[in-house]
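Contents: one structure, followed by commentary.
The values are calculated or read from the model by the stated rules, or taken from the named source; none is laboratory data. Treat the numbers as computed from the prediction; the structure is a model and nothing was measured. Cβ sites come from the backbone with ideal geometry, for glycine too, and all protein chains shown count toward neighbours.
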Amino acid sequence: MDRKLQEALALFRYGVIAPVLHREGRGQAAYFRQMGEMLWHVPGHEAPRRFSPATFKSWLRHYRRGGFDGLMPTPRCDAGQPRVIDPELSARIEALLAEHPRLPITELRQRLVASGHITSQRISESTLRRHVQARSLRPAPPPSPPRRPFEKPAANDMWTLDFLHGPAVPVAGLRRPQRTYLAAAIDDHSRFVPVAGFFLHEDSHAVTTALKEGLLRYGLPRQLYCDNGAAFSSRHLALACARLGIALVHSKPYDSPSRGKIERFFRTVRSRFLEGLGQLTDLAELDAALRLWLDHQYHRRLHRGIDARPLDRYLDSLATQPHRHTVTPEDLDRVFFRTLLRKVRRDATVQIAGRLWATPPRFIGQTVEIRFPEERPDELHIVEDDAFVARLEPVDLAANANRAKPVRFAPQRSEDDPS
């Protein structure tokens with residue numbers, strides 16, 4: 001506790017006991033009982049508190065013994081030390097960690113419970129963790145290497161992609177507003193944002209949908225940098241980047257500072273865009289508002305990190321550097337096709353998502369590769385040597401029943417028939 005807070009607490013205590021300092025017992029008990037019924041806003045505490053009359057009397061006693069300094073709080077000698085851990089248990093913890101320095105706290109607690117040193121309810125993992133940290137029973141981790149600032153030399157050299165939790169918006173058919181997620185990528189050189197869109201799910205579908213739009217408008221980056229989340233670690237995204245010649249690079253786990261530029265952009269989104277939003281009617285309105293803000297404000301305002309406007313720096317770089325080729329919507333559809341492997345049944349069908357699809361009979365017994373655009377899951381194609389060779393058709397069981405040959409029944413013979 002710093003000196004200023006100590007003095008503030010002493011002044012607070014003095015203010016409470018001051019009315020009774022010179023009354024020498026006349027009305028003190030009644031006064032302290034009355035003060036004990038009140039809520040007090042204490043310096044250093046967010047929530048208001050109540051005090052017992054005995055506490056007020058102790059403050060009066062401390063003042064008479066030590067004056068104003070006697071009202072200053074003194075730190076406990078065992079501050080920060082868990083008081084439920086006795087010396088015997090502390091010695092056992094120290095011995096276990098000396099033998100196994102990297103033993104996780106969860107495993108440490110389980111061993112102490114198994115050996116009978118503690119009961120399962122007596123000491124929590126957080127208590128053990130605080131005790132270990134306070135006594136420095138683990139070896140200190142090696143210092144992290146100094147992080148050096150960097151910047152790619154040209155636009156589209158690297159895009160950093162990530163998600164931001166957005167506001168909740170009404171969704172048709174649902175009673176409650178649904179949380180939204182902003183999928184965005186920032187160009188490392190110019191701080192221009194070529195990819196941005198709000199979605200209802202933080203998944204690979206949101207990543208590919210937003211990324212495809214950015215690739216169509218601004219061409220191909222040389223590198224796509226993102227974290228290790230499930231949405232960025234899918235085989236689908238890795239295959240699409242490989243087909244486009246984009247290097248998909250993942251940061252180290254829990255290393256958010258390495259993605260500092262996109263994190264800084266998200267701070268700007270929160271403070272300058274989300275704070276000024278009014279009542280939203282749906283996801284489309286939120287997405288339209290974001291694009292308007294990017295085009296007319298963010299991209300056209302001076303960015304202190306580069307001392308230029310992101311749009312100007314992006315266009316200036318493209319004018320002096322060779323631009324990577326652009327792609328057509330048809331090319332992107334093929335690149336971002338979903339891929340499935342299925343074994344064709346004896347009736348020349350495969351089952352996908354609980355539905356039967358007919359294949360040419362020549363594939364019976366084979367395991368075939370099936371691709372389809374994510375936005376149109378009914379356009380299923382069999383692929384051989386990276387070329388479409390057949391399109392699958394849904395099986396109509398009712399139509400197949402009508403085309404089936406009728407059953408022929410043998411004629412009935414009467415008992416009078418001599419034959």
Scanning for something of a type in the set (V, I, T), within 14 Å of G260 (Cβ to Cβ) and touching a Ser or Thr at 6+ places or on another chain (Cβ under 6 Å), does region 157-174 turn up at least one residue?
-> no
How about region 321-341: which of its residues are without any contact (Cβ under 8 Å) to a residue 24 or more places away in the chain and closer than 14 Å to D157 by Cα?
-> P322
Scan region 342-373 residue by residue and report those that are closer than 28 Å to S204 by Cβ and touching a helix residue (DSSP H, G or I) at 6+ places or on another chain (Cβ under 6 Å).
-> V344, P373
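Residues checked against (1) surrounded by fewer than 11 Cβ atoms within 10 Å (Cβ to Cβ); (2) at pLDDT 90 or above:
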| site | (1), (2) |
| --- | --- |
| V344 | no, yes |
| P361 | yes, yes |
| F388 | no, no |
| V395 | no, no |
| N402 | yes, no |
| P406 | yes, no |
| A410 | yes, no |
| S414 | yes, no |
Being under 21 Å from H205 (Cβ atoms), surrounded by 13 or more Cβ atoms within 10 Å (Cβ to Cβ) and in the same structural domain as L164 (by TED's automatic domain parsing), is that true of even one residue in region 301-314?
-> no
Any chance region 249-262 includes a residue that's closer than 17 Å to R334 by Cα, assigned by TED's automatic domain parsing to the domain that holds R304, at pLDDT 90 or above and buried (at least 19 other Cβ atoms within 10 Å of the Cβ)?
-> no
